[in-house]
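Notes to accompany the following structure.
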Amino acid sequence: IVDGIQFSSFQDINQNDIASIEFLKDASSTAIYGSRGANGVIIITTKRGATGEVKLTAGSYYGIAEITGYPTPMTGPQYANLKREAYRTIGTWNSAADDPKVFTSAADLASARNGSNFYWPGFFLKQGSQQDYNLSVAGGSEKTKAYFSMDYFKEKGLYANDFSNRYSLRLNIDHQLLPTLQIGLQSQLAYYDQNLRDDNILTVANKIIPYFDPYNGDGSLAKFPGNGNQVNPYFNEQAGAYVNENHVTHLLSTAYAEWKPIKGLSLRSNLGITIANSRNGHFEGSNTLNRALSTGSLSSITNAGDNTLIWENIITYQKSLGEHNFTATAVTSYQSNRTENSLAQGTGQLLADQSYQALQNNPANLKISRNYNGQNLVSGVFRLNYSFKSKYLLTLTGRADGSSVLATGNKWAFFPSAAGAWRIVDENFMKKQTVFSELKARVSYGI
């Protein structure tokens, strides 16, 4: 939950914008979120502007990423000797004169005898890096407070052509429109430009016999190194051979109005939208790992969209009667979500340089598909908090969720919970002790 609105893309959030993070885990504290809180709730609150002089903050960092503790495979000579010893146990190999019985191809025999050695994972593992540059401005008057930030984060992976760039903007505004009425806006925009390697290349590299040469005698890449039946993963490293580009835009925007007509009573309405649009362009050349045994290259492009509307109305009333304190909260919530995606693909791209573009030039296996999903969630919540002397606490909560994806007659579910707590540290008999600065016992139950 980001600033009161459900938001799943937590990686979009610039860590410099975070004011606080809370984790809700037990049944009572998560009950107000109903079915969505079943696995716990993470509440993120972002920074706001404050009355006073404008505060400007800037920062940056750069870091290097390297592989540590990675298993080291056998060298070529070690593997060749292991193979000889294996054949010695069955009486096939006794001396170097028997090598042709163990290494049955001319290439195998030559590699084993000349001590060839290739550290295949080393062909692909590179040095990665992370860098971040951020700027924020905060300030405000008695009536209007604002916070603005911008951030650029770049990560270079451990493979060639494996990177992710994130550009993010945030604007938080709070305005006291009337003495009893406050309005505000929280908006965050994140854009990703990525090329992500997920071609299983390291798993393949670990399996290739270490005396197999990735190159033929004429300097060209060997499709099947040595006499192996494993495709040479080095083909995936050639420029433009493997492309997995992502262009993603995420928008989270929430407007609110809060009215406090009398002491102790608050009426608040939140209206939030989350929009996620993405495009994935994918290309695998004809000699790459997944296509070497197929008919030509694979080109595809996927467009996806996810739009969510959330409208919540919250009424809160607080009342104190001597040492008895009551807080009653009622919430109505409506959430509407729409997701859709479309895919176009083909094989055998006539010009490899066209990658996933010009899909009509793929002569085979042309495919078009589209999916759509829509669902709504309507909820009602009531919570009562009671405390006596601020050290004996009771919380009662009930939430009803109705979902459009469930069958008629079974669309609604009720989630009750109760919790009691005792602030032991506030008792008189604890005042003289210095061991505990905070001590509370709590029991809760919920569905």
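Conditions tested, residue by residue: (1) under 23 Å from residue 214 (Cβ atoms); (2) among the hydroxyl-bearing types (Ser, Thr, Tyr); (3) out of contact with any strand residue (DSSP E or B) (no Cβ under 9 Å at 6 or more places or on another chain).
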{"site": "120", "(1), (2), (3)": "yes, no, yes"}
{"site": "127", "(1), (2), (3)": "yes, no, no"}
{"site": "130", "(1), (2), (3)": "no, no, no"}
{"site": "136", "(1), (2), (3)": "no, yes, no"}
{"site": "143", "(1), (2), (3)": "no, no, no"}
{"site": "147", "(1), (2), (3)": "no, yes, no"}
{"site": "165", "(1), (2), (3)": "no, no, no"}
{"site": "169", "(1), (2), (3)": "no, no, no"}
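Among the residues of the range 77-98 satisfying the criterion of being hydroxyl-bearing (Ser, Thr, Tyr) and either farther than 16 Å from residue 116 by Cβ or free of Cβ contacts under 8 Å to residues at least 24 places away in the same chain (or both), which is most open to solvent (accessible area, probe 1.4 Å)?
89
Cβ contacts < 6 Å: first residue touching a residue at least 24 places away in the same chain (Cβ under 8 Å), restricted to the range 433-447; second residue assigned to a loop (DSSP other than H, G, I, E, B), any location; separation 6+ or different chain. Result?
444/26
Please work out which residue is farthest from the chain's Cα centre (by Cα), limiting yourself to the range 44-93 and to residues that are outside any loop (DSSP other than H, G, I, E, B) and among the aromatic types (Phe, Trp, Tyr).
Ranking the qualifying residues of the range 44-93, first place goes to 87.
From the residues in the range 294-321 that are of a type outside the set (S, T, N, Q) and under 17 Å from residue 394 (Cα atoms), which one is surrounded by the fewest Cβ atoms within 10 Å (Cβ to Cβ)?
321
It is to be established whether one or more residues within the range 416-428 are under 20 Å from residue 322 (Cα atoms), under 37 Å from the mean Cα position of the chain (by Cα) and hydroxyl-bearing (Ser, Thr, Tyr).
Scanning the range 416-428 turns up no residue that is under 20 Å from residue 322 (Cα atoms), under 37 Å from the mean Cα position of the chain (by Cα) and hydroxyl-bearing (Ser, Thr, Tyr).
Just to check your reading of the model, which residue among 429, 382, 436 is open to solvent by 70 Å² or more (accessible area, probe 1.4 Å), in contact with a strand residue (DSSP E or B) (Cβ under 8 Å, 6 or more places away or on another chain) and of a type in the set (A, V, I, L, M, F, W, C)?
382
Looking at the range 402-411, can you tell me whether even one residue there is free of Cβ contacts under 8 Å to residues at least 12 places away in the same chain and either open to solvent by 100 Å² or more (accessible area, probe 1.4 Å) or touching a His at 6+ places or on another chain (Cβ under 8 Å) (or both)?
yes
Which members of the range 3-35 meet the condition of being under 21 Å from the mean Cα position of the chain (by Cα), under 19 Å from residue 381 (Cα atoms) and either crowded, with 16+ Cβ neighbours inside 10 Å or at pLDDT 85 or above (or both)?
Answer for the range 3-35, where residues must be under 21 Å from the mean Cα position of the chain (by Cα), under 19 Å from residue 381 (Cα atoms) and either crowded, with 16+ Cβ neighbours inside 10 Å or at pLDDT 85 or above (or both): 3, 4, 5, 6, 24.
Do you know which residues across the range 37-48 are of a type in the set (D, E, K, R) and over 16 Å from residue 10 (Cα atoms)?
48
Just checking, how many residues over the range 192-231 are closer than 30 Å to residue 279 by Cα and of a type in the set (S, T, N, Q)?
Residues that pass the stated criteria total 4.
If I go through the range 247-277 residue by residue, how many of them are touching a strand residue (DSSP E or B) at 6+ places or on another chain (Cβ under 6 Å), in contact (Cβ under 8 Å) with a residue 40 or more places away in the chain, open to solvent by 30 Å² or more (accessible area, probe 1.4 Å) and not β-branched (Val, Ile, Thr)?
So the count comes out to 12.
Residue check: is residue 51 hydroxyl-bearing (Ser, Thr, Tyr), closer than 30 Å to residue 399 by Cβ and either touching a Ser or Thr at 6+ places or on another chain (Cβ under 9 Å) or surrounded by 13 or more Cβ atoms within 10 Å (Cβ to Cβ) (or both)?
No.
Quick one: in the range 329-370, which of the residues that are of a type in the set (Gly, Ala, Ser) and either farther than 18 Å from residue 294 by Cβ or without any contact (Cβ under 8 Å) to a residue 24 or more places away in the chain (or both) is surrounded by the most Cβ atoms within 10 Å (Cβ to Cβ)?
Among residues in the range 329-370 that are of a type in the set (Gly, Ala, Ser) and either farther than 18 Å from residue 294 by Cβ or without any contact (Cβ under 8 Å) to a residue 24 or more places away in the chain (or both), the one surrounded by the most Cβ atoms within 10 Å (Cβ to Cβ) is 333.
So, in the range 224-237, of the ones that are out of contact with any helix residue (DSSP H, G or I) (no Cβ under 7 Å at 6 or more places or on another chain) and modelled with pLDDT under 90, which residue ends up most open to solvent (accessible area, probe 1.4 Å)?
Residue satisfying both the conditions and the ranking: 229.
The values are calculated or read from the model by the stated rules, or taken from the named source; none is laboratory data. Since we're looking at a predicted model, the values are computed, not measured. All Cβ positions, glycine included, derive from the backbone under ideal geometry; neighbour counts span all protein chains shown. Only protein heavy atoms, including side chains, enter the accessible area calculation; ligands, DNA and RNA are left aside. Shrake-Rupley method; radii C 1.70, N 1.55, O 1.52, S 1.80 Å.
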